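Chemist: Handing you a structure now.
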């Protein structure tokens, strides 16, 4: 989804219209879930690394759970149905 500003900035001020991509979830797009630290949840399907400014968004079927014997480990289960595409987008 793209968020677009009004044409007022172009028409009235000679600037460029703002267009920003948004990665809203498909389900419950009006809600955003954030968690800090070592979490496990069935409704979290993305990871973000602040140090490298990298976000990874997984399918809704992905399960991320803390390791049973080591909570510093995140066990990620990703079903791979036919025609699955994995994209890594830096920055």
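The values are calculated or read from the model by the stated rules, or taken from the named source; none is laboratory data. The model shown is predicted, which means the values in this text are computed figures rather than measured ones. Don't worry about glycine lacking a Cβ; one is built from the backbone with ideal geometry, like all the others, and counts go over all protein chains shown.
Chemist: Have a look at 45, 27 and point out the one that is at pLDDT below 70 and over 26 Å from residue 5 (Cβ atoms).
Modeler: 27
Chemist: Just wondering, is there one or more residues in segment 1-9 that are part of a loop (DSSP other than H, G, I, E, B), at pLDDT below 80 and within 14 Å of the chain's Cα centre (by Cα)?
Modeler: Scanning segment 1-9, I find at least one residue that is part of a loop (DSSP other than H, G, I, E, B), at pLDDT below 80 and within 14 Å of the chain's Cα centre (by Cα), so the answer is yes.
Chemist: Would you call residue 61 at pLDDT 80 or above and either assigned to a loop (DSSP other than H, G, I, E, B) or touching a helix residue (DSSP H, G or I) at 6+ places or on another chain (Cβ under 6 Å) (or both)?
Modeler: Yes.
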